[in-house]
Amino acid sequence: VKALVVGLGNVGTTLANLLLRYRSLLGVTEVVVVKGQPIPWREPDLELLRRRGATVHRGPDALDDLIDGADFVFDCRKEGAPRATRARYEAAPRLRGACAQGSERGFGVPFVSGVNEAALKAARTVQVASCNTHGAASLLRALAGPRLEELERADLVVVRRSEDLGASERLVGASVVARHRDAEAGTHHAADVRRLFSTIGVEPAVVSSDVTTPSQLMHALRFHVAFRSPVAVAEAVERIARDPLLATTMKFDSNGVFELGRRYGFQGRIYAHAVVVENNLLAHGPELRGWAFVPQEGNTLLSTLEAFVAKTRPDDAADLRNALRRELIEPRW
Ligand SMILES: NC(=O)c1ccc[n+]([C@@H]2O[C@H](COP(=O)([O-])OP(=O)(O)OC[C@H]3O[C@@H](n4cnc5c(N)ncnc54)[C@H](OP(=O)(O)O)[C@@H]3O)[C@@H](O)[C@H]2O)c1
């Protein structure tokens with residue numbers, strides 16, 4: 001399988017490294033990477049990828065010639081570039097699938113691993129949902145069931161880290177509240193969760209708010225979930241512990257969680273969909289409140305790899321999914 005990675009920012013570069021590291025597990029024969037806007041100070045990254053086995057292409061015109069020879073495209077660009085190339089991907093006869101990332105709503109079926117694998121079957125283009133959509137959707141699924149059978153409603157507050165650790169452009173100096181643009185869902189996080197579950201015919205009553213803070217480490221998610229019947233803290237803890245995509249911590253400080261991710265995660269990332277603060281749950285009858293930390297891109301990278309195996313290795317996708325989760329997820333931080 002020839003894998004093409006387009007856009008070598010944070011997500012694209014880490015993904016290329018994951019493909020190189022797990023190439024035999026994933027059945028990848030060639031990793032081709034494209035840096036559309038070459039910059040002199042990013043050349044060392046490209047050289048490191050080349051030394052690890054990637055074939056490196058540079059320049060805005062390099063992509064078009066490579067699409068027809070690829071089996072799967074990981075388009076990790078932003079600002080609408082993947083959406084603008086989507087028709088080209090759809091027309092490539094050899095391509096088994098193409099995926100874009102969080103900012104590219106409309107590129108393809110929204111996807112979060114563990115939530116809507118069924119929706120991938122008919123889709124050739126996939127939009128891996130954002131990291132906070134991963135955290136929220138997976139937490140609700142773990143607590144309320146795969147089709148959110150137990151969910152009455154949920155109110156989420158996303159406490160965002162303002163900028164990726166490797167960048168400085170969007171740093172803020174104080175808390176900045178986001179506009180509730182969606183009259184039903186509030187911010188885009190709940191709207192994305194609704195859109196995601198709609199692909200399996202579920203319409204959850206979820207609303208969200210968002211505040212961006214002067215942190216670069218992890219997002220945090222405050223959840224307030226109302227179930228159809230009472231759920232005690234011990235039961236909630238058990239549901240979270242049973243979930244293969246969630247991790248737990250007893251730390252209250254994202255510095256400490258992030259530090260363990262940096263130390264033990266592949267390339268310093270945490271790949272669980274969310275890290276729930278297990279000793280800080282508050283239950284009142286059918287209502288549960290709590291906090292989780294959300295890894296900023298590890299969760300979406302795992303879903304990206306799982307979308308890839310679903311499209312390229314449908315016969316043993318379940319085994320490969322489990323193998324990836326065993327390799328990448330630590331259940332406790
Ligand atoms: N960073 C995170 O924590 C995170 C988490 C979850 C999801 N995501 C999603 O992943 C995607 C990429 O994010 P990122 O953090 O990797 O971003 P990034 O580091 O800024 O890199 C994005 C890449 O997109 C390309 N690009 C940027 N502006 C462009 C433009 N105007 N036109 C065409 N191409 C452009 C560049 O590709 P070249 O390298 O080819 O020049 C750049 O390296 C986004 O959809 C984002 O929402 C990010």
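The values are calculated or read from the model by the stated rules, or taken from the named source; none is laboratory data. Remember, it's a predicted structure, so these values are computed and weren't measured experimentally. Every residue, glycine among them, receives a Cβ derived from its backbone with ideal geometry; neighbour counts consider all protein chains shown. Just so you know, the surface numbers come from the protein's heavy atoms only, side chains and all, with ligands and any DNA or RNA stripped out. Shrake-Rupley method; radii C 1.70, N 1.55, O 1.52, S 1.80 Å.
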Can you give the extra length, in nm with one decimal, that the chain gains between HIS180 and ARG326 once fully stretched, where that is 0.36 nm per residue apart less the Cα-Cα distance? 48.8 nm
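Given only helices, namely DSSP H runs of n ≥ 4 each adding -39500 (n - 2.57), what is the per-residue ellipticity at 222 nm of the chain, to the nearest 500 deg cm²/dmol?
-10000 deg cm²/dmol
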Give me the Kirkwood hydrodynamic radius of region 220-333 in Å, from all C-alpha pairs, to one decimal place? 15.0 Å
Could you work out the local net charge near LEU328, counting Lys and Arg as +1, Asp and Glu as -1, over the other residues with Cβ closer than 12 Å to its Cβ? +2
What residues of region 88-103 lie in the reach of a label at LYS2, counting those whose backbone N is under 19 Å from a point 7 Å from the Cα along Cα→Cβ? 88-99
Calculated over region 45-182: convex hull of Cα atoms, volume per residue (Å³): 171 Å³
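Solvent-accessible area per residue for region 74-166 at a 1.4 Å probe radius, Å²? Could the numbers behind the result be given before it?
Details: 3390 Å² over 93 residues.
With the other protein chains kept in place, region 74-166 gives 36 Å² per residue.
Considering only protein heavy atoms and a probe of 1.4 Å, how much of the accessible area of region 107-248 is carbon and sulfur, as a whole percent?
Looking at region 107-248 in its full context, I get 52 percent from C and S.
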Need one number: nm distance between label points at ASP65 and TYR264, each 7 Å from Cα along Cα→Cβ, rounded to one decimal. 4.6 nm
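Take every DSSP beta bridge with both residues inside the chain and express the antiparallel ones as a percent of the total, to the nearest 5.
Numbers: 24 of 60 bridges.
Percent antiparallel among DSSP bridges in the chain is about 40.
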So what's the Cα pair-distance distribution over the chain, bin width 10 Å, in %? 6, 27, 35, 24, 8, 1
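Sorted by mean Cβ packing within 10 Å, highest first, what order do the peptides 24-31, 60-67, 274-281 take? Intermediate values should be presented prior to the final figure.
Working: 24-31: 16.1, 60-67: 14.4, 274-281: 21.9.
The packing order, highest mean first, is 274-281, 24-31, 60-67.
Nearest 0.05, what FRET efficiency do THR55 and HIS224 give at R0 = 41 Å with Cβ-Cβ as r?
On the way: r = 49 Å, r/R0 = 1.19.
About 0.25, to the nearest 0.05.
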Region 78-133 -> Rg/Rh from Cα coords, Kirkwood Rh, value 0.96
Along the Cα-to-Cβ line of ALA241, 7 Å from the Cα, sits a label point; which residues in region 259-289 have backbone N less than 17 Å from it? 275-282
Using only alpha carbon pairs under 8 Å that are at least six residues apart, calculate the relative contact order of the chain and give it in whole percent. 16 percent
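With charges only on Cβ, +1 for K and R and -1 for D and E, what is the dipole size of the chain about its Cα centre, in debye, rounded to 20?
Numbers: 44 positive and 40 negative charges, 79 e Å.
Charge dipole, the chain, about its Cα centre: 380 debye, nearest 20.
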